[in-house]
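The values are calculated or read from the model by the stated rules, or taken from the named source; none is laboratory data. Bear in mind that the values here come from a model prediction, so they are computed numbers and not experimental data. Cβ: placed from backbone, ideal geometry, glycine included. Neighbour counts: every protein chain shown. The protein model used for the area step is the full one, side chains on, heavy atoms only, and it has no ligands, DNA or RNA in it. Shrake-Rupley method; radii C 1.70, N 1.55, O 1.52, S 1.80 Å.
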Amino acid sequence: MNLSKAVKITRHSNAVAAGTSTITPASGIDMAGFDAVLFVILWGTITSGGVQSVEVHSSSDDGSVDAYAALAGSNVAVADDQDNKVTYVDVVHPPERYLKCIVNRATQNAVVDGILAIQYHSKSKP
């Protein structure tokens, strides 16, 4: 079986230029029909001394009434020497239907080349 036939890949965020602001994708990843998702964060240049982290937030209704909140244990620190590397967060059996991968950037500039969401363990082929 080909991996491409068993997963759904979505561009969750476009590239974001160097900065220190938090990156919050506009909409969440709808997990209906999937049991797991792997968020892949692609880093560009990270200025020495930068403090970065990634965490996943969840909501039952894509933030309409139920605001997004951080999933316990989903926070991953990213060192300032991770230029042009990849960070990932794997979420299995999320507690709510919608998920967002949030990138926190502080103190120094950090470039994010994009965020991918790879959904898997589907009840039917994507």
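Given the conditions (1) modelled with pLDDT under 95; (2) among the aliphatic types (A, V, I, L, M); (3) farther than 18 Å from N104 by Cα, which single one is not true for A36?
Only one criterion in (1) modelled with pLDDT under 95; (2) among the aliphatic types (A, V, I, L, M); (3) farther than 18 Å from N104 by Cα is unmet by A36, namely (1).
Output the residues belonging to region 18-39 that are open to solvent by less than 20 Å² (accessible area, probe 1.4 Å) and of a type in the set (A, V, I, L, M).
Of everything in region 18-39, those that are open to solvent by less than 20 Å² (accessible area, probe 1.4 Å) and of a type in the set (A, V, I, L, M) turn out to be I23, I29, M31, A36, V37.
Anything in region 1-39 that is among the small types (G, A, S), touching a strand residue (DSSP E or B) at 6+ places or on another chain (Cβ under 6 Å) and outside any loop (DSSP other than H, G, I, E, B)? List them, or say none.
S13, A18, A36
When you look at I46, is it closer than 12 Å to V103 by Cβ, at pLDDT 95 or above and open to solvent by less than 20 Å² (accessible area, probe 1.4 Å), yes or no?
Taking the combined requirement at face value, the residue satisfies it.
Hey, any hits in region 98-107 for a residue that's open to solvent by 50 Å² or more (accessible area, probe 1.4 Å) and over 18 Å from T22 (Cα atoms)?
Taking every residue of region 98-107 in turn, none turns out to be open to solvent by 50 Å² or more (accessible area, probe 1.4 Å) and over 18 Å from T22 (Cα atoms).
Return the pair list, or none, for Cβ contacts closer than 8 Å from residues in region 63-77 that are in contact (Cβ under 8 Å) with a residue 12 or more places away in the chain to residues that are assigned to a loop (DSSP other than H, G, I, E, B), at least 6 apart or on different chains.
If the second residue must be assigned to a loop (DSSP other than H, G, I, E, B), the pairs left are G63/G28; D66/S60; D66/E96; Y68/G28; L71/P94; L71/P95.
Considering only residues that are surrounded by fewer than 15 Cβ atoms within 10 Å (Cβ to Cβ) and among the hydrophobic types (A, V, I, L, M, F, W, C), which ones fall in region 49-89?
If the condition is that a residue be surrounded by fewer than 15 Cβ atoms within 10 Å (Cβ to Cβ) and among the hydrophobic types (A, V, I, L, M, F, W, C), then V65, A67, A69, A70, A72, A77, A79, V86 are the ones that fit.
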